[in-house]
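The values are calculated or read from the model by the stated rules, or taken from the named source; none is laboratory data. Here the structure is a predicted model, which means the values were calculated and not measured. We place every Cβ from the backbone using ideal geometry, glycine too, and count neighbours over all the protein chains shown.
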Amino acid sequence: MLAVEKKVEQITARDVDFGKWYTDVVKKAELVDYSSVKGCVILRPYAQALWENIQKTLDGMFKDTGHENVAMPLFIPESLLQKEKDHVYGFAPEVAWVTHGGTEPLTERLCVRPTSETLFCEHYARIIESHRDLPKLYNQWCSVVRWEKTTRPFLRSREFWWQEGHTIHATAEEAMEETLRMLDVYATFCENTLAMPVIRGEKSESEKFAGAERTFSIECMMHDGRALQSGTSHYFGDGFARAFNIQFTDRDNKLSFPFQTSWGMSTRIIGGVIMTHGDDNGLVLPPKVAPKQIVIVPVAAHKPGVLDAARALKDRLSAFRVTIDERDQSPGWKFAEHEMKGVPLRIELGPRDIENGVCVMARRDTGEKITAPLEGVEKAVADLLDSIQSDLFTAAKKNLETRTRSALDYDTFKALAGEGGFVRSMWCGGEACEDKVREDTGMKSRCTPFEGDALSDTCPVCGGKADRVMVWGDQY
RNA sequence: CGGGGUGUGGCACAGGUGGUAGUGUGCUUGGUUCGGGACCAAGAGGCCGUGGGUUCGAGUCCCACCACUCCGACCA
């Protein structure tokens, strides 16, 4: 006698093979589909809805800090891209070129934007004359192209969607203030909206953005112990302004170069959400960005009164993003599917509940089932969603903390490196030490964190004098 | 870019030595079910990744390319 085996479509266990698990979730949760061009994915409605929620919140934060949206062209003439030499050097290896218009070769080839600093600079040079024209606080939502060799949905694709903020100011102080303000916006957004705790800090000389004077980032810790750079903010000084000849007449009637910033966050953050909160049953989405916050699953939907009760419940919960799953499938099938898609809260409603004036609420994050009275359900749901949001953050924070450890000497450093996560150490600031760490451990410098005290005054790598902390980690 | 793996109905896979393309699931229709991936019946659905080559004949053999995937290198 053979045991009856249920044919359950399963995903790879998260902690067995993280990479495979990630790909399984991305596909089975219906986030993306592949296109026929390597590294170019299709954001399916569920991923697009998630991205739109991210956009909505972030865009609001940009508006609140005085920014305006613009739309820049897709193409950059080669000569324009080449005006800032560090910038070209950084991006040239991975730009895609347009060489023909129809069948005619172009006199100058056009680069498909990998980032739009040069376009903004060209524009600023034309529209800025006086200190009265400053600052300009611009942002654009668009896609960019970087011809990556290895690709992975969300984390590394050849075309990806993002926002890029580009601002220009009369003084260095003001530009630096803006740089840090926007890093803070990203950090707040990650922590409050995506429930992803971050480390804020400054990039090393070798890791900073091509053409930037200083680069700041927020670094997140994924569930497998690898780091994900989740947002960056760059201070350009007046380097781009000089390269692009952007000048303005200041209050003293002198010609001056303005100071610039740029900052970006991309669909890569969706990969971060997946790898921060997901589990063996699939995606787990923070309520604040989940396309569906609540799904109502009617049980025995054919029985009189059940669907009506479910619809009435949905109406009462209209303050939330709520749907009823009325499809002709068994409840168990629906449970599994909504879990795969990470819907934060499931409400089961069947004849038994209706009779008792209750419903069953199942949390996606913990699996906990709570029987709650229908009376006052709005409040119960609101509280539960709040709890889920904050509990996700707490869990991720714990992961970040337990995976962040300090090393005073190089032997400890190497031992900790082998265990994954972030390693904090002092650092002399030398690139030679960064290279050595990479060779010995595979870790790269992530950032010098804003928070935290010095551990000593010695660089454990070279033994030289060290005046700063560095956080190291294996990255995505 | 280096190493490994994969490409056959929507999905997951099978198709020794070349000879008319299969299974499961899903899908459609009808019916019975419904508190953790239900069941019965009848149906529809395949340029075998692409392009060459060998052959009377290629899913199968050879070459090239493309894409996906894992590991590494590289990289904002």
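Of all the residues in the range A:25-43, those that are surrounded by fewer than 16 Cβ atoms within 10 Å (Cβ to Cβ) and either more than 12 Å from RNA strand B (Cβ to nearest atom) or closer than 16 Å to A:VAL185 by Cβ (or both) number 0.
Which one is surrounded by the fewest Cβ atoms within 10 Å (Cβ to Cβ), of the residues in the range A:214-238 that are within 16 Å of RNA strand B (Cβ to nearest atom) and among the small types (Gly, Ala, Ser)? Even if it seems obvious, please write down each step before you answer.
To start, the set of residues in the range A:214-238 that are within 16 Å of RNA strand B (Cβ to nearest atom) comprises A:214-236.
Then drop every residue that is not among the small types (Gly, Ala, Ser), which leaves A:217, A:225, A:227, A:230-231, A:233.
Details: A:SER217: 26, A:GLY225: 16, A:ALA227: 25, A:SER230: 25, A:GLY231: 27, A:SER233: 29.
Among them, the one singled out is A:GLY225.
Conditions (1) among the polar types (S, T, N, Q); (2) farther than 21 Å from A:ASP133 by Cβ; (3) without any contact (Cβ under 8 Å) to a residue 40 or more places away in the chain; (4) not in a helix (DSSP H, G or I), marked per residue:
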position: A:ILE168; (1), (2), (3), (4): no, no, no, yes
position: A:GLU173; (1), (2), (3), (4): no, no, yes, no
position: A:GLU178; (1), (2), (3), (4): no, no, no, no
position: A:GLU191; (1), (2), (3), (4): no, yes, no, no
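State whether the residues of the range A:121-136 include one that is surrounded by fewer than 21 Cβ atoms within 10 Å (Cβ to Cβ), in a helix (DSSP H, G or I) and of a type in the set (A, V, I, L, M, F, W, C). Taking every residue of the range A:121-136 in turn, at least one turns out to be surrounded by fewer than 21 Cβ atoms within 10 Å (Cβ to Cβ), in a helix (DSSP H, G or I) and of a type in the set (A, V, I, L, M, F, W, C).
Among residues of the range A:15-35 that are within 12 Å of A:LEU155 (Cβ to Cβ), those with a Cβ under 7 angstrom from a residue that is near RNA strand B (Cβ under 8 Å from one of its atoms), sequence gap 6+ or separate chain, pair up as A:VAL26/A:PRO153; A:VAL32/A:VAL26; A:VAL32/A:VAL41; A:VAL32/A:PRO153.
Candidates A:LEU385, A:LEU400, A:LEU345: the one that is more than 8 Å from RNA strand B (Cβ to nearest atom), in contact with a helix residue (DSSP H, G or I) (Cβ under 7 Å, 6 or more places away or on another chain), modelled with pLDDT of 95 or more and hydrophobic (A, V, I, L, M, F, W, C) is A:LEU345. A:THR151 falls short on exactly one of the conditions (1) of a type in the set (S, T, N, Q); (2) touching a strand residue (DSSP E or B) at 6+ places or on another chain (Cβ under 9 Å); (3) modelled with pLDDT of 95 or more, and that condition is (3).
Please determine whether any residue of the range A:130-144 is closer than 16 Å to A:LEU81 by Cα and either modelled with pLDDT under 95 or touching a Phe, Trp or Tyr at 6+ places or on another chain (Cβ under 8 Å) (or both). Give the derivation first.
Going residue by residue through the range A:130-144, those that are closer than 16 Å to A:LEU81 by Cα are A:144.
After this cut, where a residue has to be either modelled with pLDDT under 95 or touching a Phe, Trp or Tyr at 6+ places or on another chain (Cβ under 8 Å) (or both) as well, the list is A:144.
Looking for residues that are closer than 16 Å to A:LEU81 by Cα and either modelled with pLDDT under 95 or touching a Phe, Trp or Tyr at 6+ places or on another chain (Cβ under 8 Å) (or both), one finds at least one in the range A:130-144, hence yes.
Would you tally the residues in the range A:360-371 being more than 7 Å from RNA strand B (Cβ to nearest atom) and either part of a helix (DSSP H, G or I) or crowded, with 19+ Cβ neighbours inside 10 Å (or both)?
The first filter runs over the range A:360-371 and keeps only residues more than 7 Å from RNA strand B (Cβ to nearest atom), leaving A:361, A:363-366, A:368, A:370-371.
So of that shortlist, the ones also either part of a helix (DSSP H, G or I) or crowded, with 19+ Cβ neighbours inside 10 Å (or both) come out as A:361, A:364-365.
Here the count works out to 3.
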